[in-house]
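A short worksheet on the structure shown next.
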Amino acid sequence: MSTIIYPSPIFGPVHSRRLGISLGITIRAGASTGGMDIPPLVLQKRFKIPVSVSMYAFDVTILLSQLLFRDREKILYGIIMVMIYTMILDKMLVMGKKQVQAKIISEKYEEINLAVQEQLDRGTTLFQVEGGHLRKPSMAVVTVVSGRELQKLNRIVMDIDSEAFMVVHQVGEVRGRGFTDVKRHLEAAGLKN
């Protein structure tokens, strides 16, 4: 068994970025390294616990269990390394999956509603709203799109109504048709193997 020796213990945490990136690429590809990433993958599949959170918990637990018979400084560097690579792993796993919720208030809400459904193929929800200052009743179109679709949504809305009021929020998780139920929906339509 070979051991990697760094001139200083600080190089271990510095190189943990590579570990986080490579683990992220492996897990995003639907694979596993065959090691301690298997239990976190199972926990994510069954209980929706993020892989990076459970990997952090497992690895820190293993490191802390060595406190009695190992050098504490090395364990501290190990914990720092785990913190760094799990943060990078988390970023790698959510990269490209950012979703945003847009609330669009406009007098031309019907046109915007139809354009979002037809041009972006996204669902919409309509809410009755009332302006706080003038107490003028209106409608709000609410939709959730991927981060990549946000510019297209903005262009669609501004082309229809350049005075539309649009509020955009980043959302942590979206469930349902078009997001988490894609596979079941495609399988039911006979489009997925």
> In terms of solvent-accessible area of protein heavy atoms at a 1.4 angstrom probe, what is the ranking of Met87, Met81, Met139, Met95, highest value first?
Replying inline: Met87, Met95, Met81, Met139
> With all protein chains present and a 1.4 Å probe, how do Ser106, Ser138 order by accessible area, largest first?
Replying inline: Ser138, Ser106
> Hey, if we sort Leu89, Leu63, Leu68 by accessible area with the 1.4 Å probe, largest down, what's the order?
Replying inline: Leu68, Leu63, Leu89
>> Tell me the per residue accessible area of segment 1-132 using a 1.4 Å probe; a whole number in Å² is fine.
In response: 68 Å²
> Which value, in Å² and to the nearest 10, is the accessible area of Tyr109 when all protein chains are kept and the probe is 1.4 Å?
Replying inline: 60 Å²
>> Please report the carbon-and-sulfur percent of the accessible area for segment 13-93; probe 1.4 Å, protein heavy atoms only, DNA, RNA and ligands left out.
In response: 65 percent
>> What does the net charge come to around Gly20 if you take all other residues with beta carbon closer than 13 Å to its beta carbon, with K and R at +1 and D and E at -1?
In response: +1
> So how exposed is Thr26, as accessible area in Å² (1.4 Å probe, rounded to 10)?
Replying inline: 40 Å²
>> Need one value: the accessible area of Glu130 in square angstrom, 1.4 angstrom probe, rounded to the nearest 10.
In response: 110 Å²
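The values are calculated or read from the model by the stated rules, or taken from the named source; none is laboratory data. Keep in mind it's a predicted model, so treat the numbers as computed, not measured. Glycine gets a Cβ as well: all are built from the backbone with ideal geometry, and neighbour counts include every protein chain shown. What goes into the accessible areas is simple: the full protein's heavy atoms, side chains included, and nothing from ligands, DNA or RNA. Shrake-Rupley method; radii C 1.70, N 1.55, O 1.52, S 1.80 Å.
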